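All remarks here apply to the structure that follows.
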Amino acid sequence: MLMHSRSPGTTSSLTSPAERETAWRRARCERILLPAFVAVMVALVPLSAAFSAGLHDHRVRFLLDVGRQVQWPEALSPHNRPFVIGVIGDPRAADALRSLEGRKMAGSPIVIRVFDSPSDITFCHLLYVATRDGKTQSEVIKLTTGTGVVTVGESFEFARVGGIIGLVDYRRQVGVTINLRAAKLSKLVFDADLLDLSNVYM
């Protein structure tokens, strides 16, 4: 016999065949969908309470966190040299990142470089690709692959097609996808804490 649990305060019972069929289908969907929902949530990193301050403000916070959780090859290490963060795309992203100038990352001063087009890009430790334009993203990926630049794009798709980190917002959290194959081409190493909170492409 099919048994049904009832929430507190529920007085009616499922007596008709149609009600029992509906309840069975709902329970089956919950068993299927819940594990998928949990799997997605594992890859979501909590944002600060400053969510309402704007999209690019939390991107800035995330870039700082990433900068602390990546190891660059010795020749590109930010130790004893400026820590360079580049940005291309939305001008509001550049404005948000400029707030970091004068601060330090691992003891090194942070320098912000704004690029108008992919052809302008010079070396930076992190490059925030603040655009969803496919052509721009493709050009950036082509120019930076294997160079040691940690590219951070505005969608999961960015990492899937060769960028290193792809982001997507979900309520008060940001989902993170990391392309380890692209990272290894640049001999970049991510801390386990960041990998544990990310979807990872091998």
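All of the numbers you see were taken from the coordinates with simple rules; none came from a lab. Note that this is a predicted model, so its numbers are computed, not measured. Quick reminder, even Gly has a Cβ in these numbers, built from the backbone with ideal geometry, and neighbours come from all protein chains shown.
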The FRET efficiency for Asp95 and Arg160, from their Cβ-Cβ distance with R0 = 25 Å and rounded to 0.05, is 0.30
Expected vector for the stretch 113-127, Karplus 3J(HN,Hα) from phi with 6.51, -1.76, 1.60 and θ = phi - 60°, integer Hz, x for Gly and Pro, equals 10, 9, 10, 7, 8, x, 5, 7, 5, 10, 4, 8, 6, 10, 10
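Where Lys and Arg each count +1 and Asp and Glu each count -1, what net charge lies around Val70 among other residues with Cβ under 13 Å from its Cβ?
On the way: positive: Arg68, Lys184, Lys187; negative: Asp65, Asp191, Asp193.
Here the charged neighbours net out to 0.
What order do you get for Ile88, Ile121 when you list them from fewest to most C-beta neighbours inside 10 Å? Don't skip to the end; give the middle numbers.
Details: Ile88 24, Ile121 20.
Sorted ascending by nearby Cβ count, the order is Ile121, Ile88.
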Quick note on Glu74, Glu101, ordering by fewest other C-beta atoms within 10 Å, gives Glu74, Glu101
For Arg113, the net charge from surrounding residues (Cβ-Cβ under 12 Å; K, R +1; D, E -1) works out to -2
Residue-ordered couplings for the stretch 142-149, obtained by feeding phi - 60° into the Karplus form 6.51 cos²θ - 1.76 cosθ + 1.60 and rounding to whole Hz (Gly and Pro as x), are 4, 6, 9, 4, x, 9, x, 7
Loop-resident chymotrypsin sites (Phe, Trp or Tyr not before Pro) in the stretch 100-141 with no more than 15 other Cβ atoms inside 10 Å, DSSP not H/G/I/E/B, are Phe123
